[in-house]
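Before any comments, here is the structure.
The values are calculated or read from the model by the stated rules, or taken from the named source; none is laboratory data. As the structure is a prediction and not an experimental result, all values here were calculated from the model. Backbone-built Cβ (ideal geometry, glycine too); neighbour counts: all protein chains shown.
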Amino acid sequence: MAAVDWDIHEEEEEGNRYLPLFEAKSAKGRIAYWIYAVSVYVAIALVCFNRLIHLLLQIVTEEDDDDKLMMRRRWWCMGGLLMAELWYSFYYFITQILRSNPIYYSTLKKNLCRRYEEEKLLPSVDIFVCTANDQMEPPLMVINTVLSLMSYNYPSNKLNVYLSDDGASVFMFYALLEASRFSKHWLPFCNQFNIEPRSPSAYFSSISQPQPQPQPPPPPHQHPLLPNRCLSIKQLYEEMEARIEESMKAGKISEQVKQQHVGFGEWDVFTCTRKDHQTILQILIDGRDDDAVDVEGRPLPTLVYMAREKRPQYHHNFKAGAMNALIRVSSRISNSPVILNVDCDMYSNNSESVEFPGLNANGGPMYIGTGCFHRRDALSGLKYDEKANKIHDWNDHQKHITDNGTDGLKESARMLEETSKILASCTYEQDTQWGKEMGLKYGCPVEDVITGLSIQCKGWRSAYYNPKRKGFLGVAPTTLLQTLIQHKRWAEGDFQIFLSKHCPFLLGHRKIPLKLQISYCNYLLWAPNSLATLFYILVPSFCLIKGISLFPQLSSIWILPYAYIITATYAFSAAEFLYSGSTARGWLNDQRIWLYKRVTSYLFALTETILKLLGFAKSGFVITTKVAEEDVSYRYEQEMMEFGAASPMFKVLGTTALFCLFSLASVVVRSIRDPQRAILVVNELGSQMILSSLVVVINLPLYNAMFFRKDTGGMPFSVTFQSLVLASMAYLLALY
Ligand SMILES: O=c1ccn([C@@H]2O[C@H](COP(=O)(O)OP(=O)(O)O[C@H]3O[C@H](CO)[C@@H](O)[C@H](O)[C@H]3O)[C@@H](O)[C@H]2O)c(=O)[nH]1
Ligand SMILES: [Mn+2]
């Protein structure tokens, strides 16, 4: 989330209509935080100052010939370290701007009820779920997300859920069809018993958690019918689950099932493959239809399946392309003024959070692609216009839809499908502003961030709302490699934005506050961070082998700022981590991943961005797997790192880790051999040895994975071997 620092006020007019819908509060303990931040800054300044003095002094002192080469090397290494230190102090400054004044929002639901006394005045919401691959994103997970969204505690006839399937998978379609039927039971169940969360699988696993006591009495507020109804609905769910899994296992949809819906016919077309197919658009539940009701006769939300047209000769622009097709198709079908966008793994965990569409809120958090509410106008690329946005009737938007039918007759769902399909075709966007000025932007691996920035530059504001009961829960990568690849995509996209004309300082100049422009850079500059970190790790190790000292002696007072920075920042981050409910081991792993990301993801992102700029590489989007093998999940639960893949990223990690180990070992061995000089060496090179030891400690699981682990999560032999060869070569090179 980016910093939010604008004034918050909302007019009170026309009695209840403009009562505020939310409150904003600044975080507590600001002063203590600032004391900490400034003290670290002073220490960083001292470090840089000390280094600068050293560099200058060395220029004026003459050395004899023997030492000359050594001293020259030392000077250059020190100069590099100074650059890295300056970079980090700059980056630290950006981070402090970002963290300068966190604001927490809370919603005032009572006012919402008063403002919209009549339900029919509430805005309707279009919910977009994106999926792209039925193997990495299992249909069952996707429909759980869909069901959780359909069962929001909001008038059902005001909800429209769209699933975009870039994988054009018949199994996904089948699962959604099953979900549409199951929702007739699930929605009334959620309503009657007011359960949370409303993703069936998350709910069932939450109630089947082993109870601490043998037979706990039911909570007093629990409905007496709940246990029975729960059993029967769980059975329904499990039957559905079995049917879906069976069909996936069989690899085809049975004839009997195919007869249940005309939509299956779309997959019978000869050329229908994942990358080459016509638009498939099926309205599975038509909210306008009086017969679309649940088992208790209440209306159901509209539910639509869409696989936009794909042809090999047209670039599909990944998720941004899918979102833009959804924006257009939904404008024809429901045209709600508010849009909620979630990834297919992000189920709604809080059925009330839909009541806060972040409408008039302010500030600057970024659009992060999932769990974000938008005004349709903002997402479509319109500028914010105060007059036009004093909304008095949210339902104005939809008037043209109801007027669509000829002679006031409602268009049938089939007709609507046919007329909307064209909006999702490959050619629709040709010679239009879609992907540029309209909708989500194309050509960037983080379409969300770049789109969000341009929305803010058009005068819209955003707010971050983090209720006690989390609004959405999703699947984070469970293996190290997936995390690294995901971060590479993000770092690459972010840095690409920084280097483009969408750089916040250019695009945002005079449009968004300077503070917000700077805050964006905290993310956009991830990639170049890699250079400073790599330098700081490799060069001191290299000099350790050579016996060149780069830091103040251990007995010098100048060592104190270094010691302070390390202890203060580590203590702060550990405290922050533990406070947010994680374990110490989790924190340690996080420090490791911090380093690994910088040495691999960011480095790869940096190189790829440069290659792309030079025209040697193209944008891609590697989807994150949302499923894990059983043993992988088990190791994840145990907080064990997962290596088990022959990735170039691991070779880089392995090589740097081994190189640091070799260099540390070499000084230790040298000191043991020559005990008389040992004290001298330790005083001279002590801080460097501490730095190397830190790196070695951080890398312990890596050595373990390379040489000791026997399970499939260990490092593949080929990676270990190549890293050994490379690190030894580097070591020998440093020696001579
Ligand atoms: O061609 C594609 C590729 C991806 N997706 C969907 O995009 C979403 C995000 O993909 P995922 O692999 O889960 O990536 P993450 O890194 O977890 O996603 C984050 O980062 C992305 C930008 O890099 C944003 O698009 C996402 O919304 C944001 O949650 C998923 O629902 C995918 O199904 C598509 O619809 N079409
Ligand atoms: Mn994801």
Output the residue which, of all residues in the range 607-628 that are among the aliphatic types (A, V, I, L, M) and under 16 Å from residue 486 (Cβ atoms), is nearest to ligand 2 (Cβ to nearest atom).
-> 623
Residue that is nearest to ligand 1 (Cβ to nearest atom) [pool: residues in the range 618-646 that are more than 21 Å from the chain's Cα centre (by Cα) and small (Gly, Ala, Ser)] = 645
Among (1) touching a residue at least 60 places away in the same chain (Cβ under 8 Å); (2) surrounded by 17 or more Cβ atoms within 10 Å (Cβ to Cβ), which single condition is residue 553 missing?
-> (2)
How about the range 250-272: which of its residues are among the polar types (S, T, N, Q) and either assigned to a loop (DSSP other than H, G, I, E, B) or surrounded by 10 or more Cβ atoms within 10 Å (Cβ to Cβ) (or both)?
-> 254, 259, 260, 271
Mind checking which residues of the range 695-708 are touching a residue at least 24 places away in the same chain (Cβ under 8 Å) and not hydroxyl-bearing (Ser, Thr, Tyr)?
-> 695, 696, 698, 699, 701, 702, 705, 706
Residue in the range 143-157 that is of a type in the set (Ser, Thr, Tyr), within 16 Å of ligand 1 (Cβ to nearest atom) and in contact with a Gly (Cβ under 9 Å, 6 or more places away or on another chain) present | yes
Report those helices (runs of 4 or more DSSP H) wholly inside the range 332-407 carrying at least 3 residues which are modelled with pLDDT of 90 or more and away from ligand 1 (no atom under 16 Å from the Cβ).
-> 376-380
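This table checks each residue for (1) in contact (Cβ under 8 Å) with a residue 40 or more places away in the chain; (2) within 14 Å of ligand 1 (Cβ to nearest atom); (3) not polar (S, T, N, Q).
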{"site": "446", "(1), (2), (3)": "yes, yes, yes"}
{"site": "456", "(1), (2), (3)": "yes, no, no"}
{"site": "460", "(1), (2), (3)": "yes, no, yes"}
{"site": "470", "(1), (2), (3)": "yes, no, yes"}
{"site": "475", "(1), (2), (3)": "yes, yes, yes"}
{"site": "480", "(1), (2), (3)": "yes, no, yes"}
{"site": "490", "(1), (2), (3)": "yes, yes, yes"}
{"site": "495", "(1), (2), (3)": "yes, yes, yes"}
{"site": "504", "(1), (2), (3)": "yes, no, yes"}
Confirm whether residue 192 is of a type outside the set (Asp, Glu) and modelled with pLDDT under 95.
-> yes
Is there a residue being part of a loop (DSSP other than H, G, I, E, B) and closer than 27 Å to residue 315 by Cα anywhere in the range 447-455?
-> no
Scope the range 314-328; condition farther than 13 Å from residue 423 by Cβ and over 19 Å from the mean Cα position of the chain (by Cα); matching residues = 314, 315, 316
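Condition check ((1) β-branched (Val, Ile, Thr); (2) at pLDDT 95 or above) across all residues:
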site: 83; (1), (2): no, yes
site: 111; (1), (2): no, no
site: 123; (1), (2): no, no
site: 143; (1), (2): yes, yes
site: 175; (1), (2): no, yes
Go over the candidates 663, 671, 723 one by one and state the one that is over 30 Å from residue 344 (Cα atoms), touching a Gly at 6+ places or on another chain (Cβ under 6 Å) and among the small types (Gly, Ala, Ser).
-> 723
Out of curiosity, is residue 77 among the hydrophobic types (A, V, I, L, M, F, W, C) and either more than 30 Å from the chain's Cα centre (by Cα) or under 30 Å from residue 32 (Cα atoms) (or both)?
-> yes
Name the single residue, out of those in the range 472-486 being buried (at least 21 other Cβ atoms within 10 Å of the Cβ) and more than 23 Å from residue 142 (Cα to Cα), that is nearest to ligand 2 (Cβ to nearest atom).
-> 484
Residue count for the range 279-307, restricted to those that are part of a loop (DSSP other than H, G, I, E, B), of a type outside the set (Val, Ile, Thr) and touching a residue at least 40 places away in the same chain (Cβ under 8 Å) = 9
Of all the strands (runs of 3 or more DSSP E) wholly in the range 94-177, which have at least 2 residues that are of a type outside the set (Phe, Trp, Tyr), closer than 24 Å to residue 237 by Cβ and more than 16 Å from ligand 2 (Cβ to nearest atom)?
-> 159-165
Residue that is farthest from residue 367 (Cα to Cα) [pool: residues in the range 287-326 that are away from ligand 1 (no atom under 16 Å from the Cβ) and of a type in the set (Lys, Arg)] = 298
Any residue in the range 461-479 that is among the aromatic types (Phe, Trp, Tyr) and at pLDDT 95 or above?
-> no
Counting just the residues of the range 227-249 that are of a type in the set (Ser, Thr, Tyr) and either in contact with a helix residue (DSSP H, G or I) (Cβ under 7 Å, 6 or more places away or on another chain) or surrounded by 19 or more Cβ atoms within 10 Å (Cβ to Cβ) (or both), which one comes out nearest to residue 178 (Cα to Cα)?
-> 237
Hey, among the residues in the range 303-355 that are within 16 Å of ligand 2 (Cβ to nearest atom) and of a type in the set (Gly, Ala, Ser), which one's nearest to residue 148 (Cα to Cα)?
-> 348
Only residues in the range 70-95 that are free of Cβ contacts under 8 Å to residues at least 40 places away in the same chain and farther than 18 Å from residue 531 by Cα count as the first member; pair them with residues that are assigned to a helix (DSSP H, G or I) and not small (Gly, Ala, Ser), Cβ under 7 angstrom, at least 6 apart or cross-chain, and list the lot.
-> 71/58; 75/55; 75/58
